[in-house]
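Contents: one structure, followed by commentary.
The values are calculated or read from the model by the stated rules, or taken from the named source; none is laboratory data. Since we're looking at a predicted model, the values are computed, not measured. Backbone-built Cβ (ideal geometry, glycine too); neighbour counts: all protein chains shown.
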Amino acid sequence: MSIRFDNRVAVVTGAGGGLGKAYALLLASRGASVVVNDLGGSRSGEGQSSKAADEVVSEIRNKGGKAVANYDSVENGEAVIKTALDNFGRIDIVINNAGILRDRSIARTADSDWDLVHRVHLRGAFQVTRAAWPHMKKQKYGRIVNTSSVAGIFGNFGQANYSAAKAGLLGFTNTLAIEGERSGIQANIIVPMAASRLTQDILPPELFDGLKPELIAPVVAWMCHEDCPDTGSIIEAAGGWAGKYRWQRSQGTLLMDDLSENITPERVRERWAQIVDMQGGDFPTSNQGATMDLVGKMEKLTSSPDSTQIQGDLMSAI
Ligand code: NAI
């Protein structure tokens, strides 16, 4: 059976070009009603225009699809979601994709470079999601895809502002996955790599032409579908390839042999190789799982009454 989005309403932010446009076109071609949001500003977030969103809406309509434009900044999430509610009566899918770049090395990063990048990527995703959330909760259904970046996972020279915002989206999405679980709301992350105006001077020219946004759109469309089983996943996609990231934690080591010992910096130095040795590490998938596992590691110290207290404190903290 083909993947369809009939009777589903999607908001795609920053859908006037690049990846967002490819997402909007694909969802609409599969039956979704789409709000094409785009502020229409420059790559670094200056100015605004209705042109980009209007062109994508025309393209969708010319192909027989359903779409309306919204020109608000994602910072005004209520207005973006209101466009979906006013025109289509509901909201099922949010793809937080809008983005800008203000690359500077850390010492040259002005407050405004930091703030605007955070306002668009992180705060914008928050504003749009929060506006959609009560509607999704009420209908017990929602699909949210947030957009991170390898810069958010690994950092990147000249992108302290952007990588911090993109890493923020990882934590944000994981919490949405937890809070949405009982309400049929799933939230995942896409880590794309594609040719767009954001990457035209970053990606090597020989790669650029092959990295079409259209190759990522099917991955994101599946992540928005009701049958997609994942929530809280980080999916990377580029040039016809897709894969998943996960966290790994080393086995680590206890820093004391019993609780009466003091931990000194010298002891940490002595055991550093064991702390950072990833051989045999595990792959925690949740806050609770990671903490319970930690409690298990501390069980070696259980003979002491103090350790029972520590474990009790930990258990009540999670
Ligand atoms: P793009 O520049 O073609 O698309 C971004 C769109 O967002 C633009 O049309 C822009 O007008 C819009 N936008 C900017 N600020 C806005 C605001 N405040 N409100 C509403 N719309 C706004 O860039 P691209 O590459 O398609 O980027 C899409 C997303 O993917 C961004 O979040 C970007 O950070 C992310 N990304 C892209 C990668 C790539 O390889 N192209 C790599 C990693 C992440």
With region 1-89 as the region, which strands (runs of 3 or more DSSP E) entirely inside it contain at least 1 residues that are touching a residue at least 24 places away in the same chain (Cβ under 8 Å) and near the ligand (Cβ under 9 Å from one of its atoms)? 33-37, 66-70
I'd like to verify a number: residues in region 220-245 that are away from the ligand (no atom under 13 Å from the Cβ) and among the aliphatic types (A, V, I, L, M), how many? 3
So, in region 207-260, of the ones that are under 19 Å from the mean Cα position of the chain (by Cα), without any contact (Cβ under 8 Å) to a residue 60 or more places away in the chain and in a loop (DSSP other than H, G, I, E, B), which residue ends up nearest to PRO192 (Cα to Cα)? SER233
On the basis of being within 11 Å of the ligand (Cβ to nearest atom), part of a loop (DSSP other than H, G, I, E, B), modelled with pLDDT of 95 or more and over 13 Å from the mean Cα position of the chain (by Cα), does ILE100 make the cut? yes
Residue by residue through region 102-132, note down the ones that are under 25 Å from ASN7 (Cβ atoms) and surrounded by fewer than 21 Cβ atoms within 10 Å (Cβ to Cβ). ARG130
Conditions first: (1) within 14 Å of the ligand (Cβ to nearest atom); (2) over 29 Å from TRP114 (Cα atoms). ALA167 passes all but one, so which condition is the exception? (2)
Taking the criterion of being acidic (Asp, Glu) and assigned by TED's automatic domain parsing to the domain that holds ALA195, would at least one residue in region 283-297 satisfy it? no
I'd like to check something: does region 187-198 contain any residue that is away from the ligand (no atom under 13 Å from the Cβ), within 25 Å of PRO284 (Cα to Cα) and assigned by TED's automatic domain parsing to the domain that holds HIS118? yes
Taking SER149 and the conditions (1) without any contact (Cβ under 8 Å) to a residue 24 or more places away in the chain; (2) in contact with a strand residue (DSSP E or B) (Cβ under 7 Å, 6 or more places away or on another chain), which numbered condition does it fall short on, given that it satisfies the others? (1)
Being under 13 Å from LEU176 (Cβ atoms) and among the small types (Gly, Ala, Ser) is the filter; apply it to region 106-140 and report the residue that is farthest from the ligand (Cβ to nearest atom). ALA132
